[in-house]
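**Q** Starting off with a structure, shown below.
The values are calculated or read from the model by the stated rules, or taken from the named source; none is laboratory data. Predicted model, so just to flag it, every value in this text is computed and none were measured. For neighbour counting, all protein chains shown are included, and Cβ atoms are generated from backbone atoms with ideal geometry for every residue, glycine included.
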């Protein structure tokens, strides 16, 4: 089958060939791009007698003919040593004797996973991972999961109760007239767990309750708050609905008995949000005019987006009316982006849609080569530096060779081939040719327990876990120091203490708000910090710190005020005797700072000016900035080329860059050299030089400062870019300082330093501002040893508000300063991990490889700092901004917000295959958005504790896991091929049995491996997936087990369970049967069925009509939109699909009912659409 698409005067053709078993009609072979040897990939399937796929092999094409002579021939194999070549991959599965259940699976490395099932429902009762770790489940008579037991003995219990309104025992709320009907409670529990007797050893974490009304809508989520001071108060988050079943109001989380603050939404007749009103009364308005959408914020700043007929954004107009333009190819790939000043980014792709070239005005021209599977195997940058990569059979990076560094990753086993206990699916060892080595060790449950890093010497760190599976102790390298986390009964982190001297308390959580923010904490020197959080916005209003019990707040006394967009308007630090006010332009870029202090009277104002693309053109206290002329052929239009004025005492400096956009020379006397992975290699200037050593992932692990032959070396052992601090060792002729960083409440709170020259320990506690900058340092007895202050863009300034014109200020107690980053005092820069930053001019020294927000023209400025709003965000990694409207991060938090350094011990969060410049367009997107109608509260520490295999054991899974009520309907519809009398269960049973799979009562479940090519994409971070609980299933890449088992501890993922009928689906006739079973009359509502590569999804739109089975009058906008959304959520992609709809396609949704654009989102080649009006084929 060839898919031909024409657009923009271009014709592109993609070809897929399918072959089927002559006897069974089952698909047994598929060929992708059979006419191109470098793109051609073949997947063959081995079927058992039931038609289950028991094996799948993916390989390069070899010139074989099709099953019918003269047809479907494969392309010739790629030439010898061609980059398209890869080693064939084979996965397998075993099934029960009756063919119903996939009882085992194996990946391309023959690592296997086994499963057992409850035959009544087709649900798994146990899964055993390749590490021989087993998770067990028990179900009630309705097929609802009621108990889980993980391999470490801990688990989760689920309870289902009717409310008193439905003659049940539970007391439930009524929210805006919606009466609570039943409640689902998930509770983390401890050993002993007996699945047969359905008993456990009691709760070991906070429960989560979800209350549903008579229409099966979640109306309240309830959990337990911080219990460090005694009994925990309940936390609520409520949701209200309008008559069309849309969310009309949703509260922020609040404590029982406290005021609730609501976000309100208004909709148009198409079900689109047109007005959102926040609890502080700020409003966001959305206006729709055909293909044009305009968003207006509370300050009347507009952003207008125009899409083409395919739904792709073609222009974005900002609040100043300046336009960002985009073009696309027929396959939906972005071709060009042109900013308001004519600078153009160009992208090229091969016929599989893989990016082969990027021409960026800042980064230069980059080229990418892939094997036929899509793994990135070669990259050439604008400096003609070549990097090559190889992968194992699971698609994990194993070698990376580049001019500056060669690195090897060893998974499942150590380099010498010895066992990495319980380490299957884990990275066990990393070796680089610069002498860097890192080895990981795991415990009996696959959790990280040791990491040994070799950086000249060996540095070993260790973790241990308590009986509840939470991180309990941390052992530092370089000394015998061991810290211990102390938890509350509900699993909140309460204290961090010295494990060997428990009376030495370094940190204590005193109070939290309903959203999990720390509102009061006390450090080991008895300094108590009180944070006032605005309950309407979650923003930090004030920070007061002083001796415990005192109200003088001699350490910190800061107040903050904001505008309705969250921009900081004023800050006042009474303890430091300074204050400031700020204004912003219509793009929310910092415009002025007016500061007042003991050294600044009268007040002084600094003004910043910008051009359309985010370049600072003038700063009133420095001078004017110059750049290369913008335009289609411009080179580095965002990089400052010269400055007319004075910076740090130097007059009118100029700047030079290499072809990759890295700063190489400043006329003031600084030269810089860069590695092939675009990290600084050395810096040379008059007062000395700096040289750096990096690990395999490009993180700095050693710095050497040379001042006239006197060396100072610093070894860094930290979790990775932006992930916090752990241990550093600084050596000089004066001796060695071993710095053991203390972390709690989601941030670094101080450091314990051992001076080997005197064998003396010193303790520092850090007190931070809104941005996480260190502004006060206190010692072990609470005395202030240093106060620090910063300009908005990060340059040090005097605490009294005075300017440091010559940049002579340095921290005397710590090098950690602006936003928590390392201040490079010797050269006047800030090391933001991924990149270096010059705070004097507010610009990065190298181009950002990521365009974080492709719809924001300011994001294309690769040298700007946080889109020029430095008071509303930070850049922890040096690559992407994070908004900072709330102090620090949400606090407490099990092991993960204590000193859970498992990230350091495993380094699993590092994407070793990420390449500078690679994938630079797309960024982080909009982030996670919960499904419509699902109320959320912050996950509590009990649901974030590390489970077996290092997974996160989530305990808040609701019963309506697969799209709420639609999941229930989807399951109920499975009865279509047999006796649907099961749908006539008594009303109470019907309405509460949403978690049951009705089709299984008819014996309709069977397992299948979806049509696929094993996932071995070059940029897939396998190790990260494994650390999050993805076991052999992710190795197999054959889907997700069940509907809500993705966080099932050691077991991770396995095969996808699919509903299959006992007989073939009979099209619109069976949809008619569904209507009868649901109680829908002719003309009432719509049903839709979408099948994508063997996966089936159902959608319903009851148009306000009550349906039977005790379910609600579903009022989704369109049934066909629902099934596509379900498929998207389930990860169903690519190939072909069949859509049945029992009415004509939505006429108001555009040509072909909007199916084309929805199919494009799934990457489908074609959709066969069957309606009462006939059959048509739609090709995206």
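**Q** For the structure I just gave you, tell me whether residue 447 is in contact (Cβ under 8 Å) with a residue 40 or more places away in the chain, on the phi < 0 side of the Ramachandran plot and more than 25 Å from the chain's Cα centre (by Cα).
**A** no
**Q** Looking only at the range 534-547, filter to residues that are buried (at least 18 other Cβ atoms within 10 Å of the Cβ) and over 23 Å from residue 563 (Cα atoms); which one of those is farthest from the chain's Cα centre (by Cα)?
**A** Once the filter is applied, the top-ranked residue is 546.
**Q** Taking residue 531 as the residue in question, decide whether it is over 30 Å from the mean Cα position of the chain (by Cα) and in contact (Cβ under 8 Å) with a residue 40 or more places away in the chain.
**A** Details: over 30 Å from the mean Cα position of the chain (by Cα): no; in contact (Cβ under 8 Å) with a residue 40 or more places away in the chain: yes.
The answer is no for residue 531.
**Q** Using the structure shown, decide if residue 678 is under 25 Å from residue 459 (Cβ atoms) and either free of Cβ contacts under 8 Å to residues at least 12 places away in the same chain or outside any strand (DSSP E or B) (or both).
**A** Details: under 25 Å from residue 459 (Cβ atoms): no; either free of Cβ contacts under 8 Å to residues at least 12 places away in the same chain or outside any strand (DSSP E or B) (or both): yes.
Judged against the criteria, residue 678 is not a match.
**Q** Moving on. Could you check the range 1155-1180 and list, in sequence order, the residues that are more than 19 Å from residue 329 (Cα to Cα) and either outside the structural domain of residue 1089 (by TED's automatic domain parsing) or at pLDDT below 80 (or both)?
**A** Passing the criteria: 1172, 1173, 1174, 1175, 1176, 1177.
**Q** Follow-up. Return a yes/no flag: does the range 287-309 have any residue that is assigned to a loop (DSSP other than H, G, I, E, B), surrounded by fewer than 16 Cβ atoms within 10 Å (Cβ to Cβ) and either touching a residue at least 24 places away in the same chain (Cβ under 8 Å) or assigned by TED's automatic domain parsing to the domain that holds residue 659 (or both).
**A** Yes, that holds for at least one residue.
So that you can scan it fast, the table gives a plain yes or no per residue for (1) in contact (Cβ under 8 Å) with a residue 24 or more places away in the chain; (2) surrounded by 20 or more Cβ atoms within 10 Å (Cβ to Cβ); (3) assigned to a strand (DSSP E or B):
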residue	(1), (2), (3)
691	no, no, yes
725	yes, yes, no
731	no, no, yes
736	no, no, yes
740	yes, yes, yes
750	yes, yes, yes
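**Q** Quick check on the range 394-401. Is at least one of its residues assigned to a loop (DSSP other than H, G, I, E, B), touching a strand residue (DSSP E or B) at 6+ places or on another chain (Cβ under 7 Å), modelled with pLDDT of 95 or more and buried (at least 20 other Cβ atoms within 10 Å of the Cβ)?
**A** Narrowing the range 394-401 to residues assigned to a loop (DSSP other than H, G, I, E, B): 394-396.
Cutting the leftovers down to touching a strand residue (DSSP E or B) at 6+ places or on another chain (Cβ under 7 Å) gives us 396.
In the following step, the residues that additionally are modelled with pLDDT of 95 or more were identified as 396.
Next cut, buried (at least 20 other Cβ atoms within 10 Å of the Cβ) only: 396.
Yes, the range 394-401 contains at least one residue that is assigned to a loop (DSSP other than H, G, I, E, B), touching a strand residue (DSSP E or B) at 6+ places or on another chain (Cβ under 7 Å), modelled with pLDDT of 95 or more and buried (at least 20 other Cβ atoms within 10 Å of the Cβ).
**Q** When you scan the range 218-238, do you find a residue that is touching a helix residue (DSSP H, G or I) at 6+ places or on another chain (Cβ under 8 Å), touching a residue at least 24 places away in the same chain (Cβ under 8 Å) and part of a strand (DSSP E or B), even just one? Can you show your working first?
**A** Quick first cut of the range 218-238, residues touching a helix residue (DSSP H, G or I) at 6+ places or on another chain (Cβ under 8 Å) only: none.
So far as the range 218-238 goes, no, none of its residues is touching a helix residue (DSSP H, G or I) at 6+ places or on another chain (Cβ under 8 Å), touching a residue at least 24 places away in the same chain (Cβ under 8 Å) and part of a strand (DSSP E or B).
**Q** Can you name the residue in the range 700-723 that is part of a loop (DSSP other than H, G, I, E, B) and in contact with a strand residue (DSSP E or B) (Cβ under 8 Å, 6 or more places away or on another chain) and, of all such residues, is modelled with the lowest pLDDT? Give the derivation first.
**A** In the first step, residues of the range 700-723 are kept if they are part of a loop (DSSP other than H, G, I, E, B); the result is 708-709, 718-723.
Filter once more, keeping what is in contact with a strand residue (DSSP E or B) (Cβ under 8 Å, 6 or more places away or on another chain): 708, 718.
Values: 708: 93, 718: 90.
Among those residues, the one meeting the criterion is 718.
**Q** Please go through (1) assigned to a loop (DSSP other than H, G, I, E, B); (2) touching a helix residue (DSSP H, G or I) at 6+ places or on another chain (Cβ under 9 Å) for residue 632 and return the number of the only condition it doesn't satisfy.
**A** (2)
**Q** Here is a check on your reading of the model: is residue 90 closer than 17 Å to residue 56 by Cβ and over 31 Å from the mean Cα position of the chain (by Cα)? Break it down into steps so the answer makes sense when it comes.
**A** On the way: closer than 17 Å to residue 56 by Cβ: yes; over 31 Å from the mean Cα position of the chain (by Cα): no.
No, not satisfied.
**Q** Now for a separate question. Taking the conditions exactly as written (modelled with pLDDT of 95 or more, surrounded by fewer than 18 Cβ atoms within 10 Å (Cβ to Cβ) and under 26 Å from the mean Cα position of the chain (by Cα)), does residue 314 satisfy them or not?
**A** Details: modelled with pLDDT of 95 or more: yes; surrounded by fewer than 18 Cβ atoms within 10 Å (Cβ to Cβ): yes; under 26 Å from the mean Cα position of the chain (by Cα): no.
For residue 314, the condition - modelled with pLDDT of 95 or more, surrounded by fewer than 18 Cβ atoms within 10 Å (Cβ to Cβ) and under 26 Å from the mean Cα position of the chain (by Cα) - is not met.
**Q** For the range 99-131, which residues satisfy the criterion of being part of a loop (DSSP other than H, G, I, E, B) and more than 29 Å from the chain's Cα centre (by Cα)? Break it down stepwise before answering.
**A** Of all residues in the range 99-131, those part of a loop (DSSP other than H, G, I, E, B) come to 99-101, 107-111, 119-122, 129-131.
Within the range 99-131, 99, 100, 101, 110, 119, 120, 121, 122 qualify.
**Q** Can you name every residue in the range 607-636 that is over 25 Å from residue 321 (Cα atoms) and crowded, with 19+ Cβ neighbours inside 10 Å?
**A** Passing the criteria: only 622.
**Q** Same structure again: Can you name every residue in the range 99-131 that is over 20 Å from residue 145 (Cα atoms) and without any contact (Cβ under 8 Å) to a residue 60 or more places away in the chain?
**A** Scanning the range 99-131 gives 104, 110.
**Q** Check 689, 676 and return the single one that is closer than 21 Å to residue 808 by Cα and assigned by TED's automatic domain parsing to the domain that holds residue 736.
**A** Selected residue: 689, the only one of 689, 676 that is closer than 21 Å to residue 808 by Cα and assigned by TED's automatic domain parsing to the domain that holds residue 736.
**Q** Hey, among 323, 338, 356, 387, which residue is surrounded by 21 or more Cβ atoms within 10 Å (Cβ to Cβ), closer than 25 Å to residue 636 by Cβ and at pLDDT 95 or above?
**A** Details: 323 fails: surrounded by 21 or more Cβ atoms within 10 Å (Cβ to Cβ); 338 fails: surrounded by 21 or more Cβ atoms within 10 Å (Cβ to Cβ); 356 fails: surrounded by 21 or more Cβ atoms within 10 Å (Cβ to Cβ).
Among 323, 338, 356, 387, only 387 is surrounded by 21 or more Cβ atoms within 10 Å (Cβ to Cβ), closer than 25 Å to residue 636 by Cβ and at pLDDT 95 or above.
Let's see how each residue does on (1) buried (at least 17 other Cβ atoms within 10 Å of the Cβ); (2) not in a loop (DSSP other than H, G, I, E, B):
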{"site": "491", "(1), (2)": "yes, no"}
{"site": "502", "(1), (2)": "no, no"}
{"site": "506", "(1), (2)": "yes, yes"}
{"site": "509", "(1), (2)": "yes, yes"}
{"site": "516", "(1), (2)": "yes, no"}
{"site": "521", "(1), (2)": "yes, yes"}
